[in-house]
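Enquirer: Here it is, the structure, as C-alpha cells.
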Amino acid sequence: MRLLQTLGDRLGKALAGEISQDQFERRPTELVGLELFFLSVYALEQVFRIGVLGKEWLISKDGVAWTNLCDFAIVAFGVFDAVVAAEINENEGRDSRGSLLLRMLRLTRVVKSVRLLRVIGLFRQLRSLMDSFYASIAALSWSLIMLLICQLIAALILCQSVIPYLLESKDHDLKVWTYERYGTFSRSMYTFFEITFSGGWPSNVRPLLDVSYWYAVPCLTYVILVVFAALRLITALFVRSTLQVLAKDAGQAVLERLQQTAELQEKLVELFCDGDMDGDRALNLDEWRSLLSHKEILQYMSVLEVDVHDAETLFHLLDDGDGVLTFSEFCEGIPKIRGPARSLDIIALQHNLEEVRADCQDILLQMEALTESHSERESSHARHLKVFGPNVGQAQRGILLDLRAKASAMQSLEMEPGEPESGEVNRENWRAPFPTGSLLRCKKLGLCDTGSSGPTALQIPPAGESNGIGDMWCFLVFRLVNALLLRTSFNPDECLTVKYWQGPEVAHAWLFQEGHLTWEWEPCMAVRGVLHPGLFWALLALLPKSPWLVAYGPRLLQGALASLADGALWRAARALGGDGLARAVLAVQLGGWFQLYALPRTFSSSLEAVLAALSLEQLLAAPPRSAPRAALALGALQVALRPTAAGFWLAWAVAEMAKRRSRKQLQELILVGVSISGTVLAVSTLLDSLYYGGFCLVPWNFLRFNVLQDGSALYGSHPWYWYAEGLAVTLGTFLPFTCLGVVQALRRPLLWAPLLATGASLAVLSCASHKETYRFLLPHFPLFSLLTGLGLHAMRAGRWTLGLVFAPQAVAALFFCLVHQRGGEAVMGHLRQHPAESVFFLTACHATPFHSFVHGTKNMGFLDCSPGQGSPRDRFFQQPMAVLPELFPDALGSPAASEASKAEAPAPAEGRAMQCLEHRYQVKPQPLPEILVLWGGLLLKESAMSEWLEVNGYQLERFLADGIWSEGPYGLEMWPSFSIFRRKL
C-alpha cells in the first residue's frame, strides 16, 4: 500500500509537470529495497512452510492445497520480476514491448491481497457472507447475461436510430452530445450500462428527447422493464439465495447446537446438586419426590421442556432398574424426554405395535397348520415316491442350485455405479475379468469362456478391436492419397517457413549439406529443436535419392502419421458412444476441409495434431482417478515439439488435480507427470545441446523471444479474436454442430478436462500480439472433430442436412488443395523437369520450397527475410531497382536502374535481440543466375524490371498462376503468379 501511495504521488507530480517522465519511471531506491525485503520475507516463508509441512504443503487431506500454490505463484512472479527486469529494462528505450510485458507482470503482485481471504474463514458472520456470495455466482452469471442481452438490444436500436440525425442535424452541441453517448455501438453500449447500474438514467435520456419525443418510448420501456422490474427481481433472487445458504449453513447449525447442549448440561448439573441431599451422587425415589415437590423446581423443569405430571413414573423412566438415579442417568435421560411427543415417535410406536400383533397372528396360524398337517405327512411322502422315484431330493437340489447359480452370475454382471443410463455399455465395466469363484456360474450361462491362460472377459469386443487392421489400412491409403493430391502451399511468406523450411529443408541441409537454415537455427537464437526435422532426416537417410522421393517423401510420412490420428479418433469415439458416434466423428475427421488441407503437410503443428489425437484416445481410455502415463508421454512430446502446447497440458493438469481428493491419487499424478515430462525434456535438451554445441534450453529461448521480448510481433500483430475468427473459418459448416457438441460434452465428465484445457490454451495464444496462421488451431482439431461428431450424432441429421453440411467442405477442400496458391510447388516441379546450374528467387519470403524440392541443384539463392525492417527482402521490394546493382554487380544496367540505384536504402532495424542477425541483413553479391524466378506483382509494379531483364538476356520460360488471391510483398493481390526467366547466353 505504501508503494502504491508513493507511486501515485509521483504520478501526480509528473502530470503536474513537477518531475519529468524519466524521473517518474526511475523508482526510488528505498522503495526498491523495501520491495526486495518483503519479497525475501515471502520467499523465506515459503521455504519454511515447505520444510515444516513436507508433502502436506502440496497435498492436504482435502486434496490439493491451492492456497499454498497461490502463494508460491505470487513469490515466483516476484522473483521472476526481480531477475528478468534488468534484462528487459535494457531494451525499454528502443523497444517498449518488453517493458509493457513487465508492467503487466508486476500487476500480478496485487494477488497478494487474496491472502486476506484466509482471515474471513475465522469469523462466523464473514464466513456466512462469503458462502452466500459463492452460492450466488450462478445466479449472478445468468443475471448478467440477461442484462447484457437487454443492453445489447437497446444499444443497437438507439445507435441505429440516431445515425440519420447525426448526418442531417445542424445543432452542433446536441449532435456532439448524441454522438458521445449513442454515436457508435460501443458508446451506446456503455451508456446503457450506466443507465442500468448507476441510477442516473435521466441525465442520459432527457437530452435525447430534444432530438425527438419518440425516443421516450424505447427509453422509458427499458427503464420500466429492466432498470425497475428486472433489477428488483434479480435482487429478490439474490436475497433468496442468501437465505437458503444461511438456512443450510451446517457449520453454523453445529455451533448453535453445541452451544445449546452446553447450556442444558449446566442447568442439569445445577438441578441434580439441589436434589442430592445426602451427597452420595445419586437420587433415590424419596429425594426425587422431595425435589419435585417445590414449585420453583417444577417451573424450572417446565423451562427445560420436561412435563412432570407423575414424579414416580418419570423416575422409573429415567432409572435403569437399580432404584436410584445416578448423575449420568439423569443427565442422559432428561434430554431424551424433553418437549412434547413427536409425531414421528408416535407413528413409529404404532407401527411397532402393528408388527407385533401381526407376528402373533402368524404364530397362531402356523401352530394350527402344523397340528393339521402332522397327520398327513407320511401319506404325502409315499405319493411323491411313486411319481418321481427315489431320487426326488437330488432333482430338487439340482434345480435349486441351478437357479441360485443363475442369480449369482447375474448379480456378478451388474454394472458399477456411474453406468450410463442410456443403455450404452461402459467398456471399463464389461472388460473386467471374472473372479475365479464366479467362473463356473459365468460358463453355465454362456456369457464367458476360458482359455489356456485362464478366465477371460465377457465376449463383448472392446472398442476399436473389431477389424482394427483393416480400418488402419483404409486410413493409411486415404491419407497417402490425400498427401499426393496436395499441390498447394498453405500460405506464402512467413508461414511456409514451418512447412518446408523448418522440416524437410533442415533435414536436407543436415544430410546432403545442401539447404538453407533460417535465422531460428542461429546459435544466438536457438528457438527450434531437432526432434521434428530429425524425423525427416531419418526418412531421407533411408530413402533412395530420387528427387521426387526426396521432395514428397516427408509429406507421405506425415500422411501415414495422420492416419494414426484418424484411427485414434475412431477408437476413442467408439469407446465413448458406440459405432454411431464413431461413424459421425470419422466423417468429420476425413471430410473436413481443414484436416484435408493441413493435416498431411510437414508442419510441426501437423505432427502435434497426431500426438494430440493419440493422447486424447489415451485420456478417454484411462481408468478413472489414475495417471494416464501414455497420454502424459505423448503430451510431453508435444511440448518438446512446440512449447505452445504447454498451455493445454498445464490447464489439463490443474483440472485433473482439482478432481482428485485422494492424496495417493494426487501423488501418483504429480509424480508420474513430473517424471515423464522431465525425462522427455532432458532428452530433447540433450539432443539440442549436442546440435548447438553447448547447453541449450530451446523452450526457454522460445519463451524469451516470443513472450518476454515479443519478437514475433516483428511479423505483424493481430486482434485478440483472431483464433475465434479462425474457428469459424476452419470449421465452416461444422460450427453449429461443434457448439452442440460442446453442450453434449458438458454432460460427459470424461471430456471436461480436455475441453477446459483447450479453452485455456486458446485464451493464452490469443494474448500474444502476433498470432500465427490458423495452423495453430490444428493440434486442437482432434477434440473439435470429436465435439462435432457428438453434435451430429445427437442431432441425427438426415441425408439432406448432411449433404448441406459436407458439400461445402468438399468444395473448399478441392479448392484449397488443388487451386489456391499452387504456384510455389509448380515452380519447383518445373525446375526438377528443366534443371539449371543456378537459380535465384526474387519472390516473397519463402514463397516456394527450396533445396529439398530440387535435390541436386546446388547453386540456389533467395532474398533473406530475417526479422527486422532492414532485411534484403524488405529493401528489395521497397526499391528493387536500387538493390539490383548491389545484388548482381555483374549485371548490365538500364537508365532507370542507374537513377534508382542512387536512392538511399533503408537502414537495418535496431534492437539487441537482432544484433546476432546483422550478417543476414547484408545483401550478398551474386553472379547472374541461369534462372530468375520473379513474383508476378513485381513486374506489374516496376516497369523498369522488364527492361532490366531484357538487357541482361533473360527470356520468359514459364508463367505459373498462383490461384485467385494471395498475400504478397505488396499486400493482398488478386490473380498472383510466378514468372520463370531463363538467361540466353
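The values are calculated or read from the model by the stated rules, or taken from the named source; none is laboratory data. Remember, predicted model here, so these are calculated numbers, not experimental data. A quick note on method: Cβ atoms are made from the backbone with ideal geometry, for glycine too, and the neighbour counts reach across all protein chains shown. Just so you know, the surface numbers come from the protein's heavy atoms only, side chains and all, with ligands and any DNA or RNA stripped out. Shrake-Rupley method; radii C 1.70, N 1.55, O 1.52, S 1.80 Å.
Enquirer: Of everything in region 637-668, what is open to solvent by less than 30 Å² (accessible area, probe 1.4 Å) and basic (Lys, Arg)? Give them in sequence order.
Expert: Arg642, Arg660
Enquirer: Please verify whether Ser604 is within 20 Å of Val680 (Cα to Cα) and open to solvent by less than 30 Å² (accessible area, probe 1.4 Å), treating the condition exactly as stated.
Expert: yes
Enquirer: If a residue must be part of a loop (DSSP other than H, G, I, E, B) and buried (at least 21 other Cβ atoms within 10 Å of the Cβ), how many such residues does region 975-985 contain?
Expert: 1
Enquirer: Suppose we filter Val639, Val672 for residues that are more than 14 Å from the chain's Cα centre (by Cα) and under 20 Å from His780 (Cβ atoms); which single one remains?
Expert: Answer to the selection: Val639.
Enquirer: Further question: Test Phe888 against the stated conditions and say whether it is under 21 Å from Gln821 (Cα atoms) and modelled with pLDDT of 90 or more.
Expert: Considered against the rule, which asks whether it is under 21 Å from Gln821 (Cα atoms) and modelled with pLDDT of 90 or more, Phe888 comes out as no.
Enquirer: So which of Ala836, Ala826 is assigned to a loop (DSSP other than H, G, I, E, B) and at pLDDT 90 or above?
Expert: Exactly one of Ala836, Ala826 is assigned to a loop (DSSP other than H, G, I, E, B) and at pLDDT 90 or above, namely Ala836.
Enquirer: Restricting to region 882-895, and then to whatever is open to solvent by less than 10 Å² (accessible area, probe 1.4 Å) and either without any contact (Cβ under 8 Å) to a residue 24 or more places away in the chain or not in a loop (DSSP other than H, G, I, E, B) (or both), can you tell me which residue is farthest from Tyr970 (Cα to Cα)?
Expert: Per the stated criteria, the residue is Leu887.
Enquirer: To continue, here is another question. Are any of the residues in region 669-676 open to solvent by 30 Å² or more (accessible area, probe 1.4 Å), in contact with a helix residue (DSSP H, G or I) (Cβ under 7 Å, 6 or more places away or on another chain) and either part of a helix (DSSP H, G or I) or among the small types (Gly, Ala, Ser) (or both)?
Expert: For region 669-676, residues open to solvent by 30 Å² or more (accessible area, probe 1.4 Å), in contact with a helix residue (DSSP H, G or I) (Cβ under 7 Å, 6 or more places away or on another chain) and either part of a helix (DSSP H, G or I) or among the small types (Gly, Ala, Ser) (or both): present.
Enquirer: So, one more: Within the bounds of region 965-974, is there any residue that is modelled with pLDDT of 85 or more, more than 39 Å from the chain's Cα centre (by Cα) and surrounded by fewer than 20 Cβ atoms within 10 Å (Cβ to Cβ)?
Expert: No, there is no match, as no residue in region 965-974 is modelled with pLDDT of 85 or more, more than 39 Å from the chain's Cα centre (by Cα) and surrounded by fewer than 20 Cβ atoms within 10 Å (Cβ to Cβ).
Enquirer: Only one of (1) modelled with pLDDT under 95; (2) open to solvent by 10 Å² or more (accessible area, probe 1.4 Å) fails for Leu557. Which number is that?
Expert: Evaluating Leu557 over (1) modelled with pLDDT under 95; (2) open to solvent by 10 Å² or more (accessible area, probe 1.4 Å) leaves (1) as the failure.
Enquirer: Give all pairs with beta carbons closer than 9 Å in which a residue from region 266-295 that is over 13 Å from Leu318 (Cβ atoms) and open to solvent by 40 Å² or more (accessible area, probe 1.4 Å) meets a residue that is assigned to a loop (DSSP other than H, G, I, E, B) and at pLDDT below 70; count only pairs at least 6 apart in sequence or on separate chains.
Expert: Lys267/Leu304
Enquirer: Go through region 677-696 and count every residue that is assigned to a loop (DSSP other than H, G, I, E, B) and surrounded by 16 or more Cβ atoms within 10 Å (Cβ to Cβ).
Expert: 1
Enquirer: Right, here's the next one. Quick check: anything in region 302-318 within 60 Å of the chain's Cα centre (by Cα), at pLDDT below 75, assigned to a helix (DSSP H, G or I) and surrounded by 10 or more Cβ atoms within 10 Å (Cβ to Cβ)?
Expert: Taking every residue of region 302-318 in turn, none turns out to be within 60 Å of the chain's Cα centre (by Cα), at pLDDT below 75, assigned to a helix (DSSP H, G or I) and surrounded by 10 or more Cβ atoms within 10 Å (Cβ to Cβ).
Enquirer: Looking at Leu590 and the list (1) buried (at least 24 other Cβ atoms within 10 Å of the Cβ); (2) over 23 Å from Ala507 (Cα atoms), which single condition is not satisfied?
Expert: Only one criterion in (1) buried (at least 24 other Cβ atoms within 10 Å of the Cβ); (2) over 23 Å from Ala507 (Cα atoms) is unmet by Leu590, namely (1).
Enquirer: Would you confirm whether or not region 909-923 contains a residue that is β-branched (Val, Ile, Thr), at pLDDT 85 or above and farther than 21 Å from Gly515 by Cα?
Expert: Within region 909-923 (the criterion being β-branched (Val, Ile, Thr), at pLDDT 85 or above and farther than 21 Å from Gly515 by Cα), the answer is no, since none of the residues qualifies.
Enquirer: Determine whether Pro600 is more than 25 Å from Leu539 (Cα to Cα) and not basic (Lys, Arg).
Expert: When the stated conditions are applied, Pro600 does not pass them.
Enquirer: Which members of region 182-198 meet the condition of being touching a residue at least 24 places away in the same chain (Cβ under 8 Å) and either acidic (Asp, Glu) or open to solvent by less than 80 Å² (accessible area, probe 1.4 Å) (or both)?
Expert: Scanning region 182-198 gives Tyr182, Gly183, Thr184, Ser188, Met189, Thr191, Phe192, Ile195, Thr196.
Enquirer: Right, another one. Got a number for residues in region 705-745 being surrounded by 19 or more Cβ atoms within 10 Å (Cβ to Cβ) and either part of a loop (DSSP other than H, G, I, E, B) or without any contact (Cβ under 8 Å) to a residue 40 or more places away in the chain (or both)?
Expert: Looking only at that region, the number is 2.
Enquirer: Right, something else. For region 229-265, which residues satisfy the criterion of being of a type in the set (Val, Ile, Thr), open to solvent by 70 Å² or more (accessible area, probe 1.4 Å), within 16 Å of Ile137 (Cα to Cα) and at pLDDT below 70?
Expert: The answer is none; no residue qualifies.
Enquirer: Within region 656-669, how many residues are more than 24 Å from the chain's Cα centre (by Cα) and in contact (Cβ under 8 Å) with a residue 12 or more places away in the chain?
Expert: Count: 1.
Enquirer: Can I ask one more? Between residues in region 537-548 that are over 13 Å from Val506 (Cα atoms) and residues that are open to solvent by 40 Å² or more (accessible area, probe 1.4 Å) and modelled with pLDDT under 90, which pairs lie under 7 Å by C-beta distance while being six or more apart or on different chains?
Expert: Cβ pairs passing all conditions: Pro547/Gly856.
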